[in-house]
1. For Cα pairs less than 8 Å apart in space and 6+ apart in sequence, what is the mean separation divided by the residue count of segment 26-150, i.e. the relative contact order in percent?
2. In whole Å, largest first, what are the principal axis extents of the Cα atoms in the chain?
3. Taking the alpha-carbon centroid of each part, what is the distance from segment 207-231 to segment 101-115 in angstrom?
4. Can you classify segment 158-206 as rounded, prolate or oblate using the Cα gyration tensor, where a ≥ b ≥ c are the square roots of its eigenvalues, rounded means a/c under 1.5, and otherwise it's prolate if a/b beats b/c and oblate if not?
5. What is segment 107-231 by shape, rounded, prolate or oblate, if you read a ≥ b ≥ c off the alpha carbon gyration tensor as root eigenvalues and call it rounded for a/c under 1.5, prolate for a/b larger than b/c, and oblate otherwise?
6. Show me 157-166, 201-210 ranked by packing, highest mean number of other Cβ atoms within 10 Å first.
7. So how far, in whole Å, is the C-alpha centre of segment 42-65 from the one of segment 147-178?
Ligand SMILES: C[S@@+](CC[C@H](N)C(=O)[O-])C[C@H]1O[C@@H](n2cnc3c(N)ncnc32)[C@H](O)[C@@H]1O
């Protein structure tokens, strides 16, 4: 069983997700205390995919995050570099055009997508800034990005309780429900080391995105960042 470390070596991250692929979605539901479904609905609203639009769901894993976009009639490309996650996804959703690809070197032409999005994936990419620039490159001028990622609860007392949950309760719960509990130690550590809302917004701007804004979900446990590629 593999657990990535905070230097996020791509082969370690990919192998770690290969290992958890079979039970990934069930474990997510349990560990997020059911919130994951609510967060996905909010991502779908923010992306606002329309029929025939092209949407890239990067780090799509098993494509659970891609389904709400596909349901609108948009053409959704789930892309990921874990062959284990892609295989489980393809078995469940054979109609979706799963694509193997690394976030830091996307296998798409410039200006391809109307919208690009990444849910719970950016934090796992070794080079965040290169991934943000790659997302920018493959988006058409006027197109949009939506990033859904764990963030910092804004109310201090809640932030303390949440931090305790991450470091103390999450690992034993993960041992009970996951095939690779160590992966969830990495999850807790990587969330704590991740930039807060304003810091991630600044990174988006540096990558070229304009009109960058964010919205907190569940008190800031998750944040949705949005930006546009200038026309
Ligand atoms: C926590 S899962 C999220 C899956 C899905 N988006 C969801 O919301 O359920 C993170 C995914 O990011 C993928 N990933 C991490 N680094 C990546 C990279 N550099 N390129 C492509 N995918 C990557 C992993 O393989 C994994 O499937």
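Bear in mind these aren't lab numbers, they're just calculated from the coordinates by the rules spelled out. The structure displayed is predicted, hence computed values, not measured ones. Because the Cβ atoms are built from the backbone with ideal geometry, glycine has one as well, and the counts that use them run over all protein chains shown.
1. Taking the mean separation of contacting Cα pairs over the length of segment 26-150, I get 24 percent.
2. Computed over the Cα atoms, the extents are 47, 40, 31 Å.
3. 19 Å
4. oblate
5. Prolate, because a/c is 1.5 or more and a/b exceeds b/c.
6. Final packing ranking: 201-210, 157-166.
7. 25 Å
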